[in-house]
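What follows is one structure encoded as structure tokens, with my remarks underneath.
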Amino acid sequence: MKQRMLCAGVLAVWLIGSVPSLAAEEMAAPTVAEAREFLEQAEERLRDLWIISGRAQWIASTYINEDSQILAAKMDEDVIRAVIELANEAARFDGLDLPDDQARMMKKLKLALVLPAPNDAELTAELTRIKARMEATYGSGKYCQGDDCRDLTELSRLMAESRDPEALQDAWSGWRTISPVMREDFARYVELGNQGARELGYDDLGNMWRSNYDMDPDAFAAEVDRLWNQVRPFYEALHCYVRAQLNEKYGDEVQPASGPIRADLLGNMWAQEWGNIYPLVAPEGQGEAVDVTALLVAAEADERAMVRYGEAFFSSLGFEPLPDSFWEKSQFSKPRDREVVCHASAWSLDFQDDLRIKMCIQITEEEFTTIHHELGHNYYQRAYNEQPILFQDSANDGFHEAVGDAIALSVTPNYLVKIGLLDEAPQGGSEIAPLLKMAMDKIAFLPFGLLIDQWRWKVFSGEFGEDDYNASWWELRQKYQGIEPPVARTEADFDPGAKYHVPANVPYTRYFLARILQFQFHRSLCDAAGYEGPLHECSIYGSQEAGERLHEMLAMGSSRPWPEALDALTGSSEMDATAILDYFAPLKGWLDEQNAGQSCGW
Ligand code: X8Z
Ligand code: ZN
């Protein structure tokens, strides 16, 4: 409260200062110097508000209770109001010929909210409370049968490990009992978020999200389609092969040989990555994929040790070690005595060095990759911390999601030998097995990464209405992923709400872009490291040259349009799927051979 009063005070002084000459100023065009001053003050005000609301959000996610939700929503409200006020103020400078960086900061100011609210105190408060409630509902969600309750971590483990179709179906539909209560909140959130976006000059909230890519929002949507079409044949080949293997394993009753794949058979609660069922599809005599989970368990690595491996990788590239506060303040394990949001995230609490991750780490290969993913966020945040606050972001949101993943692509058998987790890399065998295992995560994810926002964009535009939320969701799940629910769904369900980013209002196209970008980054970093050989065997571990190239791009933040940042690292200004296709090229030929004579598709 004190903070807010202080900030309102700062603004008042500035406004009062302008009052005596207001009439004259209305006549006179604003100057570049005034624009600079406005931006400096906006930065200062936003920095304070973002820091305090970030801390409230941290508490709300690590201690879910009614009080923490109220405080987080309240702080959120202050941020939203301040940004809207500033964005409206900024309109004063429209039409003024500003230097590039200032013009860009004005634009970033208008786009600073992922969730804008109507310019009305009550409606803003309503929206922030809805958002906090949806996220808390998700974070504390449990599937209960009598007194026996299981949370997402437990249910996810079952999805990964069980091969019993009945148990899988039960866990799958059980998790989806947490989300119907969100449906009404979600519909209201769509309404209020849209109104907020319209008041800022966008067609709807989806249009606002698509406007943050340094290009026309429609052109961006077309760009996403173009990338998807580049990789779609590969996904269809993988789908075809995996369906045949599941049919062989489970029989026609459970998984027919044609049509969509049953969504609960793919080893993941949302069928978004399939690496957990790699053993079910592993080919004979095609080489060997390393089981990193087994190595971590054998090395008796605990949660912190896993994070230390990630940090050591970045150190080997020349990045400074993480500060002590990271190790003191991060949440690595799920606390026993309270509810927390377990969905992994990375935080910069003070725009300087108070970096943290928040996870409920399991000792698995999947989580080892996620740790690298999260650390990628933290090292990015630190690299751009000297930029003005409005440029303290990634070049586009796909870049933020791609950095840690690109590093994790360097977790190769040879690297694992170097750090002492593996005795000897598999020798001389075929590369098909390791590539297939990787594709089960990387290629399988692509349509999922795409469809979440294809759905939300249409919800925001009104094309998918409230009466149709679940049916339209499954229409897209089938269209893009070729999967179907294991049990009938109706509009009494709200399956989109059972995926974190929907209740938490996190745009998702970023992850689709990141899947493409991370292979572009990897290819260029391998070049910088002087590597020659197949892309999937490259590890940039220990390369200062690669580290410098990466750091150069990260330090730019969002100060320049993303094509320039991409060019700085890769020498190309286009997002392009040829790197991911090159990486997996030998696998595509092999899959096509396996699929010969089959009728693929669904
Ligand atoms: O949400 C995440 C990260 C945090 S930004 C753990 N990811 C997406 C997901 O889990 O759905 C990473 C991959 C996709
Ligand atoms: Zn992320």
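All of the numbers you see were taken from the coordinates with simple rules; none came from a lab. The structure presented is a predicted model; accordingly, all values stated were derived computationally and were not measured. Here the Cβ positions follow ideal geometry from the backbone for every residue, glycine too, while neighbour counts run over all protein chains shown.
Along the chain, counting only trypsin sites (Lys or Arg not before Pro) with a DSSP assignment other than H, G, I, E or B and at most 11 other Cβ atoms inside a 10 Å radius, the longest segment between sites is 1-335.
Which percent of the Cα-Cα distances in the stretch 149-234 go past 16 Å? The partial results should precede the final answer.
On the way: 2584 of 3655 pairs.
Pairs farther apart than 16 Å: 71 percent.
The GluC sites (Glu not before Pro) found in the stretch 419-501 that occupy coil by DSSP, while having at most 14 further C-beta atoms within 10 Å, are Glu424, Glu463, Glu491.
For the stretch 25-66, what value does the Rg/Rh ratio take when both radii are computed over Cα atoms and Rh is the Kirkwood radius, given to two decimals? Intermediate values should be presented prior to the final figure.
Details: Rg = 17.5 Å, Rh = 12.9 Å.
Radius of gyration relative to Kirkwood radius: 1.36.
Put the Cα centre of the stretch 166-194 next to the Cα centre of the stretch 374-397 and the gap is 32 Å.
What number comes out for the charge environment of Ile70, summing +1 per Lys or Arg and -1 per Asp or Glu over other residues with Cβ under 12 Å away? Overall, the nearby charge balance is -1. When you filter the GluC sites (Glu not before Pro) in the stretch 547-602 for DSSP loop state and at most 14 other Cβ atoms inside 10 Å of their Cβ, you are left with Glu574. Qualifying GluC sites (Glu not before Pro) in the stretch 159-230, where qualification requires a DSSP coil assignment and no more than 14 other C-beta atoms within 10 Å, are lacking entirely. Would you work out if the stretch 204-250 is rounded, prolate or oblate? Take a ≥ b ≥ c from the square roots of the eigenvalues of the alpha-carbon gyration tensor; rounded if a/c is under 1.5, else prolate when a/b is larger than b/c, oblate otherwise. Because a/c hits 1.5 or more and a/b exceeds b/c, the stretch 204-250 counts as prolate.
Among Leu451, Gly54, Gln594, which residue has its Cα furthest toward the positive end of the charge dipole of the chain, with +1 on Lys/Arg Cβ and -1 on Asp/Glu Cβ? Going by the charge dipole, the pick is Gly54.
Going from the alpha-carbon gyration tensor of the stretch 254-375, what semi-axes, largest first and in whole Å, does one get by taking the root of 5 times each eigenvalue?
Details: eigenvalues 210, 72, 36 Å².
One finds semi-axes of 32, 19, 13 Å for the stretch 254-375.
I need to check one value: relative contact order of the chain, counting alpha carbon pairs closer than 8 Å and at least 6 residues apart, in percent. Write down the numbers at each step before the final one.
On the way: 868 pairs, mean separation 107.5, N = 602.
Relative contact order here is 18 percent.
Only Cα pairs under 8 Å and 6+ residues apart enter the sum, and on that basis the relative contact order of the stretch 384-503 stands at 13 percent.
Its residues counted as N, the stretch 421-530 yields a C-alpha radius of gyration over 2.2 N^0.38 Å of 1.42.
Over every Cα atom in the stretch 471-585, the radius of gyration and the widest Cα-Cα span, Dmax, amount to 19.0, 56 Å. For the stretch 94-238, the normalised intensity computed at q = 0.09, 0.11, 0.19 Å⁻¹ comes to -0.51, -0.71, -1.09 (log10 of I(q)/I(0), Debye sum over alpha carbons, equal scatterers, no solvent). Taking the Cα atoms only, what angle lies between the long axis of helix 165-175 and the longest principal axis of the chain, rounded to 10 degrees? The answer is roughly 10 degrees. Against the chain, whose longest principal axis is taken from its Cα atoms, helix 397-408 shows a tilt of about 40°. Per-residue ellipticity at 222 nm, computed for the chain from helices alone with -39500 (n - 2.57) per DSSP H run of at least four residues, works out to -19000 deg cm²/dmol. Binning the C-alpha pair distances of the stretch 80-143 at 10 Å intervals from 0 yields a P(r) profile of 19, 36, 24, 15, 5, 1 %, listed from the shortest bin outward.
Taking the inverse of the mean reciprocal distance over all distinct Cα pairs, the Kirkwood hydrodynamic radius of the chain comes to 25.4 Å.
Based only on Cα atoms, what mean projected area does the convex hull of the stretch 563-602 have, in nm²?
On the way: hull surface 16.5 nm².
Dividing the Cα hull surface by four gives the mean projection, 4.1 nm².
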